[in-house]
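The values are calculated or read from the model by the stated rules, or taken from the named source; none is laboratory data. All of these numbers come straight from a predicted model, not from anything done at the bench. Ideal geometry is used to build each Cβ from the backbone, glycine not excepted, and the neighbour counts take in all protein chains shown.
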Amino acid sequence: MDKIVVEGGVRLSGKIPISGAKNAALPLLAAALLPSGRSIYKNVPGLADVRTMAKLLTMLGWEVEGSGTDTLSIGSPAPDKLKLEAPYDLVKTMRASVLVLGPLVARYGRARVSLPGGCAIGARPIDQHLKGLQAMGAEVKLDHGYVDVTCKRLRGATIVLDVPTVTGCENLIMAAALAQGRTVLENAAREPEVEELALVLNKMGAKIQGAGTPIITIEGVDELKPIEHAIIPDRIEAGTYAVAAAMTHGDVLLEGARPEHLEAVIAKLRASGVTVAAEAGGLRVKGDADIRAVDIVTQPHPGFPTDMQAQFMVMACVARGQSIIKEMIFENRYMHVPELGRMGADITVDGRTAVVRGGAQLTGAAVMATDLRASASLVLAGLVASGTTEVLRVYHLDRGYEQIEQKLAGVGAKIRRVVG
């Protein structure tokens, strides 16, 4: 099994290109199910999750070309190739597979998708997806771990979401794009990736307004057309490398990063004493010799993202002072804490609250990654730890970070992948 080996104590300096956003690419690939013809996506990140989604589309009958490259071409299936079932073997490896549910029901009147269940960071149900589809006239049946959804043609409805679920909003937006009449989503997710999906669907011919706000309105149309589109940069990847630059007292230009997608992260970096400035080529981050502790509460966008909590916790470990971190999105997202403790971190967890006493000199150790962002946090810890850190189970990293060891090595880090 592969592992990442890091020798700490090196200041990062240079440029890091930011890849296309994983959390934008996955719903956009699912959106390619809606039109007839062939859609082309550029700036596609070379990630395990993207390859899984491409594999799922292929199993459903779509023609996917260029998997694992910067450009993906997705063409409609021949009638004899079409399948409307997303099997457990794929859905269990990536929850985002459920994003094919809305497009398939909207276009073909039926979909059968394995229930994704929970994941390492906590329960992540799809009840809001199903609630919305039922409001639009769909019949939903649960059968042996699968959800079977049927509707000859969905019709518009007003749907008030109990929580602003990102994938739930995306599924319902795609479903509503081909529904009859107007759909209104209230308490909608406001993430940039939701805005990106609405932008692409509108390029296809959809009529969507309000994406990026709590109320999204969709006027259904009879058909959509294929498009060509370049995916936005990954804000979480950019935020991760921003923390790496700050912790190592470095000077790094994050090429392509969009400051408007990172406002909450940038605010906390600046409160920590880090210099962050927008430039023509992206975002420049300069670390100060005296990083200050800050408190963090994770919230839905535009609040502080849960996907940056673990990375900031590492920075809090070496900052001056005490930080209080509250994880309000997922109930089990502190699994990196014991591993950081093995490296010398002083962290106490009580429910959803973690108290981090800063000023620790982290030391290298063999640590075990438990999920995607926890993996990134352990790599960051290795960058500032004395000695050698070995991060195991790096397949988690490969789900969301494209060539992380190469990008960090490109700005001076002593880091390498050991293939096992």
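How many of the residues making up the stretch 397-420 are within 26 Å of G358 (Cβ to Cβ), under 23 Å from the mean Cα position of the chain (by Cα) and in a loop (DSSP other than H, G, I, E, B)?
1
Take the residues in the stretch 187-197 that are within 19 Å of the chain's Cα centre (by Cα) and not in a helix (DSSP H, G or I), then tell me which one is surrounded by the fewest Cβ atoms within 10 Å (Cβ to Cβ).
R190
As an exercise: evaluate A385 against (1) within 25 Å of V252 (Cα to Cα); (2) surrounded by fewer than 23 Cβ atoms within 10 Å (Cβ to Cβ) and give the number of the one condition it does not meet.
Every listed condition holds for A385 apart from (2).
Mind listing whichever residues of the stretch 363-377 are surrounded by fewer than 23 Cβ atoms within 10 Å (Cβ to Cβ) and at pLDDT 95 or above?
Matches in the stretch 363-377: T363, G364, A365, A366.
Can you confirm whether the stretch 340-363 contains a residue that is in a helix (DSSP H, G or I) and of a type in the set (V, I, T)?
The answer is no; no qualifying residue exists.
Mind checking whether some residue in the stretch 3-23 is farther than 18 Å from S375 by Cβ, in a helix (DSSP H, G or I) and of a type in the set (A, V, I, L, M, F, W, C)?
The answer is no; no qualifying residue exists.
Hey, G341 hits all of (1) closer than 12 Å to Q309 by Cβ; (2) touching a strand residue (DSSP E or B) at 6+ places or on another chain (Cβ under 7 Å) but one; which does it fall short on?
(1)
Within the group T213, T240, T183, which residue is within 24 Å of P300 (Cα to Cα), out of contact with any Ser or Thr (no Cβ under 7 Å at 6 or more places or on another chain), surrounded by fewer than 24 Cβ atoms within 10 Å (Cβ to Cβ) and not small (G, A, S)?
T213
Checking Y334 against (1) in contact with a helix residue (DSSP H, G or I) (Cβ under 8 Å, 6 or more places away or on another chain); (2) assigned to a loop (DSSP other than H, G, I, E, B): exactly one of these is not met. Which one?
If we test Y334 against (1) in contact with a helix residue (DSSP H, G or I) (Cβ under 8 Å, 6 or more places away or on another chain); (2) assigned to a loop (DSSP other than H, G, I, E, B), just (1) comes out false.
Answer yes if at least one residue in the stretch 167-177 is free of Cβ contacts under 8 Å to residues at least 60 places away in the same chain and in contact with a Lys or Arg (Cβ under 7 Å, 6 or more places away or on another chain), and no otherwise.
Checked the stretch 167-177: no residue is free of Cβ contacts under 8 Å to residues at least 60 places away in the same chain and in contact with a Lys or Arg (Cβ under 7 Å, 6 or more places away or on another chain).
If you check R352 against the conditions, is it basic (K, R), more than 21 Å from R11 (Cα to Cα), surrounded by fewer than 21 Cβ atoms within 10 Å (Cβ to Cβ) and assigned by TED's automatic domain parsing to the domain that holds H249?
So R352 passes the test.
For K225, are the conditions met, namely being surrounded by fewer than 19 Cβ atoms within 10 Å (Cβ to Cβ) and either in contact with a strand residue (DSSP E or B) (Cβ under 7 Å, 6 or more places away or on another chain) or more than 30 Å from G75 (Cα to Cα) (or both)?
No.
Within the stretch 316-335, does at least one residue satisfy the condition of being touching a strand residue (DSSP E or B) at 6+ places or on another chain (Cβ under 7 Å), within 23 Å of D2 (Cβ to Cβ) and crowded, with 19+ Cβ neighbours inside 10 Å?
No: the stretch 316-335 contains no residue that is touching a strand residue (DSSP E or B) at 6+ places or on another chain (Cβ under 7 Å), within 23 Å of D2 (Cβ to Cβ) and crowded, with 19+ Cβ neighbours inside 10 Å.
Pick from the stretch 266-307 the residues that are among the small types (G, A, S) and crowded, with 19+ Cβ neighbours inside 10 Å: which of them is farthest from I236 (Cα to Cα)?
A293
Looking at the stretch 267-324, which of its residues are more than 23 Å from G9 (Cβ to Cβ) and in contact with an Asp or Glu (Cβ under 7 Å, 6 or more places away or on another chain)?
Within the stretch 267-324, G281, G282, T298, H301, P302, T306, Q309, I324 meet the criteria.
Taking the conditions exactly as written (in contact with a Cys (Cβ under 7 Å, 6 or more places away or on another chain) and in a helix (DSSP H, G or I)), does V200 satisfy them or not?
no
I'd like to verify a number: residues in the stretch 23-45 that are within 12 Å of M204 (Cβ to Cβ) and surrounded by fewer than 24 Cβ atoms within 10 Å (Cβ to Cβ), how many?
Going through the stretch 23-45 one residue at a time, the tally reaches 3.
Name the one entry in K81, K3 that is among the basic types (K, R) and out of contact with any strand residue (DSSP E or B) (no Cβ under 6 Å at 6 or more places or on another chain).
K81
Here's the yes/no breakdown for (1) closer than 23 Å to G220 by Cβ; (2) free of Cβ contacts under 8 Å to residues at least 40 places away in the same chain; (3) in contact with a Pro (Cβ under 7 Å, 6 or more places away or on another chain); (4) not assigned by TED's automatic domain parsing to the domain that holds L201:
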| residue | (1), (2), (3), (4) |
| --- | --- |
| K42 | no, no, no, no |
| P45 | no, no, no, no |
| G61 | no, yes, yes, no |
| M94 | no, no, no, no |
| Q134 | yes, yes, no, no |
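Select from the stretch 312-342 the residues that are of a type in the set (A, V, I, L, M) and in contact with a Ser or Thr (Cβ under 6 Å, 6 or more places away or on another chain) and list them in ascending order.
Result: V314, A316, M328, I329, M335.
Look at P35 and say whether it is assigned to a loop (DSSP other than H, G, I, E, B), under 30 Å from R155 (Cβ atoms) and modelled with pLDDT of 95 or more.
yes
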